[in-house]
1. Taking residue 175 as the residue in question, decide whether it is exposed (fewer than 12 other Cβ atoms within 10 Å of the Cβ), within 30 Å of residue 130 (Cα to Cα) and at pLDDT 90 or above.
2. Pick from segment 178-193 the residues that are of a type outside the set (Ser, Thr, Tyr) and not in a strand (DSSP E or B): which of them is modelled with the lowest pLDDT?
3. Go through 165, 117, 128 for me and flag whichever is crowded, with 17+ Cβ neighbours inside 10 Å and farther than 24 Å from residue 91 by Cα.
4. I'm checking my understanding of the structure. Among residues of segment 90-126 that are polar (S, T, N, Q) and in contact with a helix residue (DSSP H, G or I) (Cβ under 9 Å, 6 or more places away or on another chain), which one is modelled with the highest pLDDT?
5. Being of a type outside the set (Ser, Thr, Tyr), touching a residue at least 12 places away in the same chain (Cβ under 8 Å) and assigned to a loop (DSSP other than H, G, I, E, B) is the filter here, so list the residues in segment 92-140 that pass it.
6. Working carefully through the options 77, 35, find the one that is surrounded by fewer than 13 Cβ atoms within 10 Å (Cβ to Cβ), at pLDDT below 80 and assigned to a loop (DSSP other than H, G, I, E, B).
7. What number of residues within segment 111-163 are charged (D, E, K, R) and under 15 Å from residue 181 (Cα atoms)?
Amino acid sequence: MNRSTGSVAGLVAVLALTLLMPVAGVSAAAPADGDGDISVTIVDPTPDPTPRPSATQGPGGGSPGRGGSGGAQPTPDDEPSEPAAEGSGGHWIVVSGLDNSAHGELNPFRGWVRSTVSVANRSETETVGGRIVFRLRTIFGAQIGPALTRPLADIEPGTTRDSSVELVGVGQWPLVQVSATFEPDEASGLDPITREAWVLALPWLLLAILVLVVAAAAILWLRRAGIRAGARTGGGT
């Protein structure tokens, strides 16, 4: 009975060691005979150190640096740098808004508008030239008088040029439109740039006529009121 119990205990121990061998690195051998003796061999799980390649030698036996036979990747210094972006087209030509002022004259059909515009060259290397065309229009879009052209030659980088004109023919229009178009030279390849603005003019002749009409109507009304009052007074006596 004791011998059988010892054999069973030995078998259980062997099974336990067999299950634990993959984790702990322990190998167990079953007894050669059935005497219940257990033989246990401890195996060192630490692997033998393997040599590592030197940091100065590539996989192909060459240097890992530039031109090595190991096919090493280039460093960031080897990559070409991209050139800085430059403005093109109308991005570096800036046309300001219009500065307008209306002026009246004794001649009711004349009058004029003074208009000023600025053209700035924001480029660092390009010089541009061209011309500015000014136009005066009515509220219905009809052009008043001829267009006026002012040349703008050789606008150097970083500079601003102003141009002013006097557009005649406002007359008695209470509201007129002024437009200025910068037309670059054909060699520059730039597109024209237009600025527009509405100008409130003072139609003094129309105002004077309106005042005279109102005054005449008031005088006529007062005269009729006086006549009626006199008639009532004469009829009551």
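1. Against the criterion (exposed (fewer than 12 other Cβ atoms within 10 Å of the Cβ), within 30 Å of residue 130 (Cα to Cα) and at pLDDT 90 or above), residue 175 does not qualify.
2. 187
3. 165
4. Among them, the one singled out is 121.
5. Passing the criteria: 97, 98, 104, 108, 109, 110, 111, 122, 124, 126, 139.
6. Just a single option satisfies the conditions, and that option is 35.
7. 6
Conditions (1) surrounded by 10 or more Cβ atoms within 10 Å (Cβ to Cβ); (2) farther than 23 Å from residue 141 by Cα; (3) hydrophobic (A, V, I, L, M, F, W, C), marked per residue:
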residue: 192; (1), (2), (3): yes, no, no
residue: 199; (1), (2), (3): yes, no, yes
residue: 209; (1), (2), (3): yes, yes, yes
residue: 214; (1), (2), (3): yes, yes, yes
residue: 219; (1), (2), (3): yes, yes, yes
residue: 225; (1), (2), (3): yes, yes, yes
residue: 230; (1), (2), (3): yes, yes, no
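The values are calculated or read from the model by the stated rules, or taken from the named source; none is laboratory data. For clarity, every value in this text was computed on a predicted model and none was experimentally measured. So basically every Cβ, Gly included, is an ideal-geometry build from the backbone, and we count neighbours across all protein chains shown.
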